[in-house]
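Here the structure is laid out as structure tokens; the discussion comes afterwards.
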Amino acid sequence: MKNLFVCTLFLLGIYSLSAQDISDHTIGLRLGSNRGFGTEISYQMKLNSENRAEFNLGWRSSNSVSAMKLNGLYQWVWLIEDGFNWYAGVGGGLGTYSNNTANNSSRTFLFAAGDIGIEYNFNFPLQASLDLRPEIGGNGYFENSFGIDIALGIRYKF
């Protein structure tokens, strides 16, 4: 009887962890810093009750580099508490950059990315997030082929 009780509590605990509410679609801005301040147009699409896809198109600019990046991420989402979720994901992307201090020629690059963050879903159609996205690759774009992008996201839920 004790084992049945423990198993029931365990299954209820797993159910509560996967009972988060992922919006069907969100669109907004992701503002961050990695080789200069940048803005990304960000779109998220629910795939099932625990996963979503995120796509970002962004621009970066600093004194030495100007860049444009497109990336896609597959994310797992977990409930922390009502309205709060945390998430992690993997993906990659492509981009182009020019070195503002050299001959200004453009270079294209591919990169792999991870993602970990926290988000809050308001009772009205707005989501706010803070995340960390390590990126590797870059064909000379990232210092030592590695960069970390930290960003604040604001998205409209629909």
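The values are calculated or read from the model by the stated rules, or taken from the named source; none is laboratory data. Keep in mind it's a predicted model, so treat the numbers as computed, not measured. Counting neighbours? That spans all protein chains shown, and the Cβs are built from the backbone with ideal geometry, glycine included. The area values use the complete protein model at the heavy-atom level, side chains included, leaving out ligands, DNA and RNA. Shrake-Rupley method; radii C 1.70, N 1.55, O 1.52, S 1.80 Å.
Numbers for the structure displayed
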item: Filtered residues of the stretch 97-118 (kept if without any contact (Cβ under 8 Å) to a residue 40 or more places away in the chain, part of a strand (DSSP E or B) and not hydroxyl-bearing (Ser, Thr, Tyr)); result: Asn99, Arg107, Phe109, Leu110, Ala112, Gly114, Ile116, Gly117, Ile118
item: The stretch 34-64 - residue that is among the acidic types (Asp, Glu) and either without any contact (Cβ under 8 Å) to a residue 60 or more places away in the chain or out of contact with any Lys or Arg (no Cβ under 8 Å at 6 or more places or on another chain) (or both) and, of those, least open to solvent (accessible area, probe 1.4 Å); result: Glu54
item: Any hit, the stretch 96-108, residues being under 24 Å from Lys157 (Cβ atoms) and either surrounded by 16 or more Cβ atoms within 10 Å (Cβ to Cβ) or not β-branched (Val, Ile, Thr) (or both); result: no
item: Selection from the stretch 65-88 of residues that are surrounded by fewer than 14 Cβ atoms within 10 Å (Cβ to Cβ) and outside any strand (DSSP E or B); result: Asp82
